[in-house]
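Please read the structure below before turning to the comments.
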Amino acid sequence: MTTFTRLTIRPASLNKLFKKSLILLLPIVCVACHKADPPVTVLPVELWYAQQPLTCETPNIQQDITWSIGQFAFFMSQLQIQDKQHLRPLKLQVNDWQTSELALLQFFSRECQSQVDSPLHNSKPANASHSGSQHNDDQHSDVQHTDIQHSDVQQTVSLRLHQQLELAEPLLVNEHSELTFELGVPFALNHLNPLTQPSPLNLPAMFWSWRAGYKFLRLDLFNANESWVFHLGSTGCVADSVMRSPKMACAEPNRLQFSLKPQRDGTALLVHLDRLLAGVKLEGRQSCLLQPEQQSCQILLNNLANGQVFEWR
Amino acid sequence: MCLNPLKATTVRLRLQGPVQCWLKSKWMRVTVVLPCSLSALLLCLSACQEAPEQTYDWRLPAGFPQPLVPQDNPMTAAKVDLGKALFFSQDLSFNQQQSCASCHQPQHAFSEGLTTAIGASGQKLRRNTLALVNVAYNSTLTWAHSGLTRIEQQILIPMFNEDPIELGITGHESAVLARFQTPQYAPLFTEAFGDDQVNFDRIVKALASFVRSLTSFNSAFDRYAYQGDDQALSASAIRGMDLFFSERLECFHCHGGFNFTQSSQHQNQRLDLRPFHNTGLYNDDGQGAYPQRDQGLIEVTLQGHDMGHFRAPTLRNVARTAPYMHDGSLATLQEVLAFYAAGGRGQGITSPLKDTFIQGFSLTVEEQQDLLNFLESLTDEQFGQSFDTEKPLNSDAMFSAP
């Protein structure tokens, strides 16, 4: 009898079971289209100055005078995570900013100050200053506006900022964890035909030439009167011309290794811009493009190597 | 209603006649809204399917990426053919005095030798005609507009602009369309779009397809850099190339990448950095102001730091595209080199808005010649040449000489 009672399925139970089944099945139906993507784990990379995060809205740093960040970008590669026993590679998700083994982090471009969205969203009509002007051959806001009605999205991908590492597998952090990476592009990838490289390695703004390879780090600052830049990359690369690849490693590869332990729960990576710039007099003549006579380069390289510019928090 | 109300006082260009009617009519709802809804539905239903293969043959050298193409105007050879016919047709201007090719002349890499362009009515434009070289890869179009990202958008400017008048179609829409409703054009429209209906949407799409087809990757530099031919460049041109890509001259910071402009996107590169630069050409007030007649990107963004910012154009075929700069104010490549060597012009040299990388440099006479030889090596000798001699597609009567 008891058994029978247990096996009895009443209409109310059936209804409940049906609902439960639906709840269970729904996610399966919804994800049926998707290939089996690994779970996403994101490690935000934050730009800090004087213990404050810099944002797109406030891309300014205060030294003697106020400097704005025109562009700050760098490559991270050779990512590895050390836990108690193992050192294992930290694979990245592949997207416009990342291959599986390296990422381009970009914090600001000059346009960041006015908008960070799609360029079409910035299609404010011109132009107050030229009201009544005889010239509007480049100003075509109404056409632009109508075009958006049936615009495809293919060309409006607007990716000017990339401030996180998107990992291909979950990152489990404990007190034994150690995150290691290189600031730069590995030699094997650094001097190839950029045309045939995947994004972001085909981005011209970060490419010097086949001989010299990529700018590993690019920091462009400007104020009302002048500009200051720091471009880090390999130097002393020997090839027949700038359009030929070096056969051997460059004399000064300038790839810097970092090994970081989590200071808190390991959920963010901080870049301390003030520590990078410590002791550097920001003026145009003190820019560093890795030319022999540029004294600021030594300070900057030393700061990168020893100044705790990166912090895994 | 469908136009941005803010533009009313400042933007002169208005769409009238058939275009405006089409945009506002129920046909717009039928031809745009309904298909969009259907497309969205189909997109949802077909999310698992692969995108169809692009069938157009771009005839690119091995390794070169294909440009991005709008989904609503895929490339076809038939559209390119129709676009070519339209591009060279003076019937496209209101008074049948000009074609697109009047200013975009094949022998000048689709630019022209004038300081600034002149429209069909004789009105002078304020800017130098840009070459049409690998335009399909541009992330933005024209000299200084961060929002113009599609050729289909840009083409409407020369067609319909009223001030200044270029082709001057506005107000003459029916007459212009009627000129293409002919037995000669019918098969071209039918081949391109399935029937012989002539409208401006089709004309724009065909013109855009033709302009996209104008790719140029067969210069001596390409043979050296991308085909690995060590003999393709002279020793002098190689020295000039090394100078061009040096931190001493900094040319490549703005004219970088495979298209010699950082403003490039393609099938493998969609990151949009939209670089515009102030080169120190002017500094009227000591604060970096450009002359009121043309102040560049600031006119679009209204951001002070965009004063005098213009897009770095490609340097491919640059030896054919004189004069130079947005206002054509530098006549020769020698003048351009002298300009950058000086770090700007006149007061522009001390402009606070001038780009970081324009600091000036000194060149020996030999180095200057090396650099010129390198710039000459960017000329694709075949590019545009076939347009001078090629017979019209079907009938001579259909074409007007540029």
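In the condition set (1) crowded, with 22+ Cβ neighbours inside 10 Å; (2) modelled with pLDDT of 90 or more; (3) among the acidic types (Asp, Glu), residue A:178 is compliant with all but (1). State all residues of segment B:153-164 that are within 7 Å of another protein chain (Cβ to nearest Cβ) and not hydrophobic (A, V, I, L, M, F, W, C); if no residue qualifies, say none. Within segment B:153-164, B:153, B:161, B:163, B:164 qualify. Counting only residues that are within 14 Å of another protein chain (Cβ to nearest Cβ) and either part of a loop (DSSP other than H, G, I, E, B) or hydroxyl-bearing (Ser, Thr, Tyr) (or both), segment A:167-201 holds 9 of them.
Test of understanding: among B:208, B:144, B:192, B:175, which residue is within 13 Å of chain A (Cβ to nearest Cβ) and either surrounded by fewer than 21 Cβ atoms within 10 Å (Cβ to Cβ) or part of a helix (DSSP H, G or I) (or both)?
Result: B:208 is the single residue among B:208, B:144, B:192, B:175 that is within 13 Å of chain A (Cβ to nearest Cβ) and either surrounded by fewer than 21 Cβ atoms within 10 Å (Cβ to Cβ) or part of a helix (DSSP H, G or I) (or both).
Is it true that some residue in segment B:291-302 is closer than 26 Å to residue B:237 by Cα and not small (Gly, Ala, Ser)? No, every residue in segment B:291-302 fails to be closer than 26 Å to residue B:237 by Cα and not small (Gly, Ala, Ser). For segment A:274-287, residues that are touching a Phe, Trp or Tyr at 6+ places or on another chain (Cβ under 7 Å), surrounded by fewer than 21 Cβ atoms within 10 Å (Cβ to Cβ) and outside any helix (DSSP H, G or I) total 2.
Can you say whether residue B:327 is farther than 26 Å from residue A:220 by Cβ and outside the structural domain of residue B:130 (by TED's automatic domain parsing), as far as the supplied structure shows? When the stated conditions are applied, residue B:327 passes them. Among the residues that make up segment A:75-93, is at least one of them over 30 Å from residue A:174 (Cβ atoms) and either at pLDDT below 70 or not in a strand (DSSP E or B) (or both)? Looking through segment A:75-93, none of the residues is over 30 Å from residue A:174 (Cβ atoms) and either at pLDDT below 70 or not in a strand (DSSP E or B) (or both).
When we screen B:232, B:237 for residues that are farther than 30 Å from residue B:179 by Cβ and either assigned to a helix (DSSP H, G or I) or in the same structural domain as residue B:109 (by TED's automatic domain parsing) (or both), the only hit is B:237. If you scan segment A:256-277, which residues turn out to be of a type in the set (D, E, K, R) and either farther than 18 Å from residue A:79 by Cα or in contact with a helix residue (DSSP H, G or I) (Cβ under 6 Å, 6 or more places away or on another chain) (or both)? The answer is A:264, A:265, A:274, A:275. If you go through segment B:122-141 and pick out every residue that is farther than 19 Å from residue B:213 by Cα and buried (at least 24 other Cβ atoms within 10 Å of the Cβ), you end up with 1. Of all the numbered requirements in (1) of a type in the set (A, V, I, L, M); (2) in a strand (DSSP E or B); (3) at pLDDT below 95, residue A:271 misses one, and that requirement is (3).
Hey, can you tell me all the residues within segment A:222-232 that are more than 10 Å from chain B (Cβ to nearest Cβ) and in contact with a Phe, Trp or Tyr (Cβ under 6 Å, 6 or more places away or on another chain)?
A:232
Evaluated against (1) more than 14 Å from chain B (Cβ to nearest Cβ); (2) buried (at least 16 other Cβ atoms within 10 Å of the Cβ), residue A:80 falls short on exactly one condition, (2).
The values are calculated or read from the model by the stated rules, or taken from the named source; none is laboratory data. Note that the structure is predicted; figures quoted are calculated from it, not measured. Glycine gets a Cβ as well: all are built from the backbone with ideal geometry, and neighbour counts include every protein chain shown.
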